[in-house]
Amino acid sequence: MKMTKIIAISTVLFSLFATHVMADVLKIGAGAAPVENVLKPAEVAFEKASGLDLSIIPSGPKQAFIDLDRGTVDAAAAGLSFDDWMALLKKESVPVADPKAYQAFVIGKDKVIVIVHKDNPVATLNKEQLTGIFTGKITNWKDVGGKDSPILVVWGGLIQGTNSMFVKNIMDGAKPTDEVIVATTAEDIRHNVSSNPEAVGIGPQAILNQTIRSPETPEVARQITLITKGAPSAKVQKLIDFIKTEGKK
């Protein structure tokens, strides 16, 4: 009798394991804005509704596009319009043989924000001050109403879409300083800023939490776009449909 129960339990466990292993995977390469604002918040509910495993790869818009072109991800997403994405790829010397070969879907909107340590007293930063800080011309917080301490700029290597929008809209295309704390993802930027009282960085609005704050700055809003090579597969279409319906919750 005990042996029968053991066999039954083993069969159930094997069945559950096999179901999980065999679950179809949907791979999305993405920048900071779609990861933090759309994909992470929707992940659990989407997997439950679709039966798919959603694999989110925070690689930035450049690498996400390269991976899509190679066929190693099912779709790519970034905090950029399609035209701005193509312009970024051109600037980064990434060849795009035929932009018309890709289909674009707007899956959300986001704001690019400036973040500082939670104890930083600076309440507002205007466009001129931000340009000075991020080009390295302003190097002390006292020059923008803060404490007498050096400014540490945190810059993310995997958030090219965020960086591009900020440089274009706030800095009028000026070159960012090379004297930075090098970070990767938006989450890594938040960690660096929350760990350094003198630090400042940029990222998608969704990274705000109790460890950092965002001074009042000029608004930079952007589209969050998902692209596919050719028509979206059935798996990708499930994600697009979910984001436009249930995902809005």
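Computed from the coordinates by the stated procedures, all read-outs in this text should not be read as laboratory data. These figures come from a predicted structure and were not determined experimentally. Quick reminder, even Gly has a Cβ in these numbers, built from the backbone with ideal geometry, and neighbours come from all protein chains shown.
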task: For the stretch 138-173, name all the residues that are farther than 22 Å from ALA32 by Cα, outside any helix (DSSP H, G or I) and in contact (Cβ under 8 Å) with a residue 12 or more places away in the chain.
output: ILE138, THR139, GLY145, GLY146, LYS147, SER149, PRO150, ILE151
statement: Taking the stretch 116-137 and the residues there that are assigned to a loop (DSSP other than H, G, I, E, B) and in contact (Cβ under 8 Å) with a residue 60 or more places away in the chain, the one that is surrounded by the most Cβ atoms within 10 Å (Cβ to Cβ) would be LEU125
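Conditions (1) over 24 Å from LYS127 (Cα atoms); (2) basic (Lys, Arg); (3) assigned to a strand (DSSP E or B), marked per residue:
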residue	(1), (2), (3)
ILE202	no, no, yes
LEU226	yes, no, yes
LYS229	yes, yes, yes
LEU239	yes, no, no
GLY247	yes, no, no
- line: Result of the Cβ filter at 7 Å on the stretch 178-204, keeping first residues that are closer than 23 Å to LYS142 by Cβ and partners that are hydroxyl-bearing (Ser, Thr, Tyr), at least 6 apart or interchain, is SER194/THR211; GLU198/SER149; ILE202/THR162
field: the stretch 45-88, residues that are touching a helix residue (DSSP H, G or I) at 6+ places or on another chain (Cβ under 6 Å) and among the basic types (Lys, Arg)
entry: LYS62
message: Let me confirm something: among ALA64, ALA76, ALA42, which residue is assigned to a strand (DSSP E or B), crowded, with 18+ Cβ neighbours inside 10 Å and touching a residue at least 24 places away in the same chain (Cβ under 8 Å)?
response: ALA76
Subset of the stretch 140-156 [surrounded by 15 or more Cβ atoms within 10 Å (Cβ to Cβ) and under 26 Å from THR185 (Cβ atoms)]: TRP141, ILE151, LEU152, VAL153, VAL154, TRP155, GLY156
